[in-house]
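The values are calculated or read from the model by the stated rules, or taken from the named source; none is laboratory data. Since the structure is predicted, the reported quantities are computational estimates derived from the model, not experimental observations. Every residue, glycine among them, receives a Cβ derived from its backbone with ideal geometry; neighbour counts consider all protein chains shown. Remember, those area values only see protein heavy atoms, side chains included, never the ligands or the DNA or RNA. Shrake-Rupley method; radii C 1.70, N 1.55, O 1.52, S 1.80 Å.
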Amino acid sequence: MKSATFLFFFIIGNSNFLTSANLPLQPELLTAQACVNFGSADVNSAPGQKTTVTVKIPASLNSTNDASVRVISRNPGLAAPAGAVNGVLTLNFVKGGPITQSFDVDIVGKGGATLELANDLGVCVGDPLKISARVGFVRNPSFELNYNSTDPHYVEIDAWTKIGGGGVNEGTNGPFADNGTIPDRSRVGFIQGTGSIAQNLSGLEPGKQYWIQYYFNARGRCGGTIDATVKFNDADLDTVSNVRPVGGARPYNFRNVLFTPGINSGELKIATTAQGDATVVLDAISIVQRDAGNLIVQNPSFEASGDVPSPGYLQTQALAGWTGTGQFGVNLSGGGPFADNGTNPDQDNVAFIQGQGASLSQTIGGLTPGQSYVLSFAVNARGGNSPHLQVDVNSFTLIDENVTAVGGNDSYLVKTVVFTATGPDAEVKFEQTATGDNTLLLDDISINSTGITPPQPVSLAITLQSGGNVRISWPASATGYLLESTSSFPGGWTDVNLLVTVDLKTDQNFVTVSTASSSKFYRLRK
């Protein structure tokens with residue numbers, strides 16, 4: 001048996017003896033407890049609301065002396081701490097007193113704000129407190145805010161009250177989102193078996209008509225049957241019986257539900273009734289106010305995506321209802337970085353398209369051939385940009401113009417244009433065509449058929465006259481038209497600039513053109 005050898009060390013004297021109490025503090029040993037921190041979670045609220053925020057300091061900071069900490073609002077026009085001067089609130093912690101203090105923050109405007117901490121004592125500070133002030137009707141509409149990475153991903157869903165089995169799935173890894181193409185971003189919510197998800201709505205206008213839009217699917221791997229019902233204040237609005245998987249990479253089913261609330265608030269609920277092990281999968285649940293006569297536009301105000309992390313690009317993910325090219329995405333209006341100016345007309349989000357050739361398009365159904373429709377939308381530009389907007393319907397250009405940022409808190413520009421349907425469907429496309437780093441902002445897109453009378457067709461008549469001249473005529477009732485000509489297609493159109501005379505006998509406008517000139521094509525442009 002081998003003997004063991006032990007070595008003992010002794011330090012004699014204490015003049016240089018180091019203890020754990022006076023060892024130099026290394027940066028890597030710092031913890032959150034050694035810093036000044038917010039003792040409150042990030043805030044999701046709405047304009048006009050008040051929230052209480054807590055700040056906590058290390059116990060050593062005011063153990064022997066008074067200490068002061070500054071709370072700085074980077075967006076005082078949105079979030080203003082009570083008692084702040086120019087966005088700065090000073091908290092005084094007296095010697096030996098409490099190490100926490102609370103104060104109220106008034107949510108003044110819509111957008112994103114941050115509160116930061118500072119002090120003159122050289123003490124570290126924790127992360128800023130983020131404040132998101134929204135007026136949108138549905139919170140966490142695309143189920144992106146929280147996720148349990150452990151399969152099968154059961155979780156309580158942020159902003160929703162869940163009854164029964166359910167949670168959030170990401171991508172198509174399932175196990176519940178196992179088929180179809182996710183409509184918006186990367187996550188979906190699911191309800192397994194009989195259950196429900198619900199949240200309270202506010203800010204509705206009694207007597208106004210609203211659309212509830214949502215996308216849905218069913219799990220493909222399990223049997224059983226499942227029905228889904230949309231309710232408002234426990235009144236059934238819409239039921240889909242025997243929800244079936246779309247299969248493969250097909251798009252989710254889409255539903256547009258009309259409802260007219262009698263009060264300004266209430267509970268939105270999606271409830272399921274199942275036989276066997278069946279699951280409904282949900283995504284992009286949003287609400288917009290739309291009057292009668294509006295054609296269905298999917299996700300018309302871009303609210304279905306919820307809070308998209310800055311800078312908001314979505315070109316690698318889906319944007320519910322829209323097909324995008326180039327660089328595109330969604331911003332919280334006023335929170336930027338692209339939606340950095342102006343006041344948008346509907347709820348919180350706006351879409352952006354950035355760079356030459358970037359576009360968003362959607363095919364609209366339910367049109368009547370020969371009927372005229374009004375396309376309306378709100379538009380703005382990123383501050384300091386000079387984008388150019390081109391709006392096409394079925395590849396026919398209706399708007400082709402520069403857009404200037406409205407600036408400050410001014411309202412977005414609202415554009416309207418009339419088009420005549422040539423078939424039951426039409427592709428509406430918004431494109432940014434300027435070169436360079438230019439960004440367009442879009443919101444509140446609607447198509448309305450109410451009270452629109454199709455314009456009567458106007459045609460040119462050409463008559464050969466004696467003396468080698470040609471008479472070009474059109475109805476005098478067609479006011480506001482210019483006669484243009486070109487030598488070759490497709491461009492080069494210029495005003496004819498000839499005297500237009502009215503023939504009182506035939507009630508026709510006409511000009512006289514010499515046949516001695518070169519061949520030309522003519523058109524009327526209003």
Other-chain or far-sequence residues with amide H under 5 Å of Thr422's (modelled H): Gly370
Exposure of Lys56 as accessible area (Å², to 10), given a probe of 1.4 Å and all protein chains: 100 Å²
Which of Leu413, Leu91 is most accessible, then next, and so on - probe 1.4 Å: Leu413, Leu91
At 0.692 mPa s and 37 °C, Stokes D of the stretch 289-410 from Kirkwood alpha-carbon radius, µm² per second: 212 µm²/s
Alpha carbon centroid spacing (whole Å) that separates the stretch 69-84 from the stretch 366-381: 43 Å
Among Leu360, Thr422, Ile447 the positive-end extreme of the charge dipole of the stretch 345-451 (Cβ point charges): Thr422
Any cysteine of the chain lacking a neighbouring Cys Cβ under 4.7 Å - listed by number: Cys222
Net charge of neighbours whose Cβ lies under 11 Å from the Cβ of Gly365, counting Lys and Arg as +1 and Asp and Glu as -1: -2
Convex hull projection area averaged over all views, the stretch 67-160, Cα basis, nm²: 8.9 nm²
Point-charge dipole on Cβ atoms (K/R +1, D/E -1) for the stretch 457-526, about Cα centre, debye to 20: 100 debye
Kirkwood hydrodynamic radius (C-alpha pairs) into Stokes-Einstein, the stretch 386-500, 37 °C and 0.692 mPa s, D in µm²/s: 179 µm²/s
Farthest toward positive dipole pole in the chain [+1 Lys/Arg, -1 Asp/Glu at C-beta], among Ser301, Pro475, Val168: Pro475
Reachable lysines, given that their alpha-carbon falls under 25 Å from the alpha-carbon of Lys526 and they are not under 8 places away in the same chain: Lys415, Lys429, Lys505
Electrostatic dipole magnitude of the chain [Cβ: Lys, Arg +1; Asp, Glu -1; Cα centre; debye, to 20]: 300 debye
Compactness index (Cα Rg / 2.2 N^0.38 Å), the chain: 1.34
Rg/Rg_ref, the stretch 474-514, where Rg_ref = 2.2 N^0.38 Å and atoms are Cα: 1.31
Anchor Lys130: lysines whose Cα lies under 25 Å away (excluding residues fewer than 8 positions away in-chain): Lys50, Lys56, Lys110
Sequence-distant residues sharing a close amide H with Gln356 (under 5 Å, placed H): Gly436, Asn438
Qualifying aspartates and glutamates (Cα of each under 14 Å from Cα of Lys231; at least 8 residues distant if same chain): Glu267
Unit charges at the beta carbon, dipole of the chain: most positive-side option, Gly77, Gln192, Gln347: Gln192
Residue-normalised accessible area of the stretch 238-395, given per residue in Å² at a 1.4 Å probe: 35 Å²
Added length on full extension, which subtracts the Cα-Cα distance from 0.36 nm per residue, Thr114 to Ser459: 118.1 nm
Net dipole in debye of the stretch 131-279 [+1 Lys, Arg Cβ; -1 Asp, Glu Cβ; about Cα centre; nearest 20]: 240 debye
Share of carbon and sulfur in the accessible heavy-atom surface of the chain [1.4 Å probe, %]: 51 percent
Solvent-accessible area per residue for the stretch 473-526 (1.4 angstrom probe, square angstrom): 67 Å²
The stretch 45-177 - accessible surface per residue (Å², probe 1.4 Å): 47 Å²
Using θ = phi - 60° and Karplus 6.51 cos²θ - 1.76 cosθ + 1.60, couplings along the stretch 134-144 (whole Hz; Gly, Pro as x): 10, 10, x, 6, 10, 9, 6, x, 10, 6, 9
11 Å beta-carbon shell around Leu129, net charge (K/R +1, D/E -1): -1
Asp340 accessible area, 1.4 Å probe, all protein chains in place, Å² to nearest 10: 70 Å²
